[in-house]
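This report concerns only the one structure given below.
The values are calculated or read from the model by the stated rules, or taken from the named source; none is laboratory data. All values reported here derive from a predicted model rather than from experimental measurement. Cβ coordinates were reconstructed from backbone atoms using ideal geometry, including for glycine residues, and neighbour counts include every protein chain displayed. The area values use the complete protein model at the heavy-atom level, side chains included, leaving out ligands, DNA and RNA. Shrake-Rupley method; radii C 1.70, N 1.55, O 1.52, S 1.80 Å.
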Amino acid sequence: MSSPEQSKSPRNATLKGLPRRGYSTPASWTKVLWGALPAGAQDRIDALLAKKHHVQAIKAIRDASPQPVSGIHECMDLITERCAALGLLRVPRVPTASLDVDVLTAKVTGLPRRPAAIEAVWDGDTEGWFVRLLAVMTAPNAEHDLALVQFGGDLRLFNREVPPWPEAEEASAVGRALAKRFGVPFHFGSPEAPTDTSLRWWASL
């Protein structure tokens with residue numbers, strides 16, 4: 001339990017009584033929230049964001065926040081600002097509307113080289129995890145994006161809507177069908193859970 005002296009500390013006083021929304025602008029709130037975190041926590045959060053570990057970063061923000069603990073949406077706003085400050089924001093992307101094997105077959109046929117494999121890989125940004133479906137080449141190694149699959153953001157983890165991950169299931173089913181058409185292997189290093197450290201298909205050669 002915090003002592004009376006702790007409850008009057010500058011960090012607690014900074015956040016206490018501030019409205020979650022409507023404190024001038026969302027940017028003003030996130031600036032106050034970031035400034036209230038200890039320097040060591042700030043470094044850990046930035047390191048997690050650099051590795052695309054956004055869910056762990058949200059937990060780190062909440063664990064290090066003074067009372068009252070910040071909500072999920074406020075943490076996500078802060079993550080977006082930190083990613084912008086760190087140069088981690090991507091060009092806006094649009095998930096593929098639907099995965100049609102015939103459409104993807106035409107896309108692969110139009111590539112400059114025949115694929116050696118069809119591969120699905122996890123990737124992520126401030127909007128959450130998604131799956132990239134790729135045509136993979138060798139000699140030299142190259143990859144071509146065929147589709148981007150995403151059915152929601154990382155809030156699904158907190159709401160316990162995932163796993164299973166529907167984007168992984170769809171990318172696996174369509175990827176296998178596409179690979180069968182071209183007589184090449186299909187590879188998905190981590191269909192059960194998002195990660196950016198699973199081995200790529202090239203590692204099996």
### Task
Heads up, I need the accessible area for Asp63: 1.4 angstrom probe, whole protein in place, Å², nearest 10.
110 Å²
### Query
Based on the Cβ-Cβ distance from Gln56 to Leu199, what FRET efficiency comes out when R0 is 25 Å, to the nearest 0.05?
0.70
### Query
In nanometres, what is the gap between the two model label sites at Asn141 and Arg181, each 7 Å from Cα along Cα-to-Cβ?
2.7 nm
### Query
In the neighborhood of His187, defined by Cβ-to-Cβ distances under 13 Å, what is the net charge if each Lys or Arg adds +1 and each Asp or Glu adds -1?
+1
### Task
Compute, for Glu169, the solvent-accessible surface of its heavy atoms (probe 1.4 Å) with the complete set of protein chains present, and express it in square angstrom to the nearest 10.
110 Å²
